Amino acid sequence: MTQSSRSYCRGSGIKKKTIDTSLLSARDSRFSLTGGLEMKLKLSEMASVAEIIGAFAIVISLVYVGVQLTQNTKGIRAQSYYNVLSGKNALYRELAADEELFKTVIQGMVADPPLPSIIDGARTHLILYAFMNEFETTYLLYKADAIEEEIWLRDRAQMAGMIGFPGMRNWWSLAEQYFHRDFVAEVAATEPILPITYDPSTGKFVKSAPEDTTGFSD
């Protein structure tokens, strides 16, 4: 007797119809196939949407990182420029506040006369070293793309005005060994320009030849 045929309850004489389980199995199979197919389609669609969202997220992340890098670069350049400017301004203030030191340095840099003492010579050496060290720092920051070229060109012009003086040339020929070789080469390739000096005979600031020490004597 199969599952789809009629069956009798033992000891009772009452007929009972059994459920055709084969039909149920076929129907359940049909439902499970269509349901599984629909589920697979939904999962595929969801995966595609997730990929699109992920791609957009990556693009947005890259844009954000680019913006952050740009802002960081600007911040680094601004800080580097501030540090260099602060160093030079400190030197200028120190010289302007000490008349005797200023005279000594100017005499040693411009006219290259014998300085009064070893102490005066040492102070002049340190001040000139500090000036050239500031120029070197600006140059190396420029080469490292930490500051703009225009800033270095401005400092290069100031340096060109200093290295034309006899005393400065003499000092640099001895002191260049303490500096970065690339900076030394840059100085060697720099043409001296006429520096700005003060002419007491006219009471005006003028561009004077490096050998002209008018205005630097007592």
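The values are calculated or read from the model by the stated rules, or taken from the named source; none is laboratory data. Remember, predicted model here, so these are calculated numbers, not experimental data. Cβ sites come from the backbone with ideal geometry, for glycine too, and all protein chains shown count toward neighbours.
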Residues of the stretch 134-154 being touching a residue at least 24 places away in the same chain (Cβ under 8 Å) and assigned to a helix (DSSP H, G or I), in sequence order, are Glu134, Phe135, Glu136, Thr137, Thr138, Tyr139, Leu140, Leu141, Lys143, Ile151
Does Leu141 satisfy the criteria of being more than 24 Å from Ser208 (Cα to Cα), among the aliphatic types (A, V, I, L, M) and crowded, with 18+ Cβ neighbours inside 10 Å? yes
From the residues in the stretch 195-211 that are surrounded by fewer than 16 Cβ atoms within 10 Å (Cβ to Cβ) and of a type in the set (Gly, Ala, Ser), which one is nearest to Asn133 (Cα to Cα)? Ala209
Among the residues in the stretch 69-77, are any under 17 Å from Trp171 (Cβ atoms) and either surrounded by 14 or more Cβ atoms within 10 Å (Cβ to Cβ) or modelled with pLDDT under 70 (or both)? no
Working only within the stretch 109-120, note down all residues that are surrounded by 14 or more Cβ atoms within 10 Å (Cβ to Cβ), over 38 Å from the mean Cα position of the chain (by Cα) and of a type outside the set (D, E, K, R). Ala111, Leu115
Restricting to the stretch 161-194, and then to whatever is of a type in the set (S, T, N, Q) and touching a residue at least 12 places away in the same chain (Cβ under 8 Å), can you tell me which residue is surrounded by the fewest Cβ atoms within 10 Å (Cβ to Cβ)? Asn170
Where the second residue is of a type in the set (A, V, I, L, M) and the first is assigned to a helix (DSSP H, G or I) and lies in the stretch 96-111, which pairs have Cβ atoms under 6 Å and are six or more apart or on separate chains? Phe102/Leu95; Val105/Ile127; Gly108/Leu115; Met109/Met168
Any residue in the stretch 206-216 that is at pLDDT 90 or above and either out of contact with any Cys (no Cβ under 6 Å at 6 or more places or on another chain) or at negative phi (or both)? no
Residues within the stretch 145-174 that are charged (D, E, K, R) and closer than 17 Å to Gln107 by Cβ, tallied: 1
